[in-house]
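Structure first, then comments.
The values are calculated or read from the model by the stated rules, or taken from the named source; none is laboratory data. All figures in this text were calculated on a predicted structure; none of them were measured in a lab. Here the Cβ is made from the backbone with ideal geometry for all residues, glycine too, and neighbour counts use every protein chain on show.
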Amino acid sequence: MKITELIDELRKTLEKEGDIEVTCTATALEGEIESAALPDVWESTVENLVVRDGGTFGCKRVRLYL
């Protein structure tokens, strides 16, 4: 999803629901599941945004950090 689409969706939600918490579903990496005291999948609040470049996706993107 591009930033403009995300902003549009957030504005629609803000109008309809008010200023509510934004959360994201997260998963542990396969190798971390056994060693971490976390479930395989959990929900957390979005804490900040960081622009990343390269890596697995090979392009610039905004990363939501939980």
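Is it the case that some residue within the range 31-41 is assigned to a helix (DSSP H, G or I), among the acidic types (D, E), surrounded by 10 or more Cβ atoms within 10 Å (Cβ to Cβ) and modelled with pLDDT of 85 or more?
At the first step, the residues of the range 31-41 found to be assigned to a helix (DSSP H, G or I) are 31-32.
Add one more test, that the residue is among the acidic types (D, E), and what stays is 32.
Pick out the ones that are also surrounded by 10 or more Cβ atoms within 10 Å (Cβ to Cβ) and you get 32.
Now restrict to residues that are modelled with pLDDT of 85 or more: none.
Looking for residues that are assigned to a helix (DSSP H, G or I), among the acidic types (D, E), surrounded by 10 or more Cβ atoms within 10 Å (Cβ to Cβ) and modelled with pLDDT of 85 or more, one finds none in the range 31-41, hence no.
Pull up the range 1-25, narrow it to residues that are in contact (Cβ under 8 Å) with a residue 12 or more places away in the chain and among the β-branched types (V, I, T), then point me to the one that is nearest to T45 (Cα to Cα).
Checked the range 1-25; the qualifying residue nearest to T45 (Cα to Cα) is T23.
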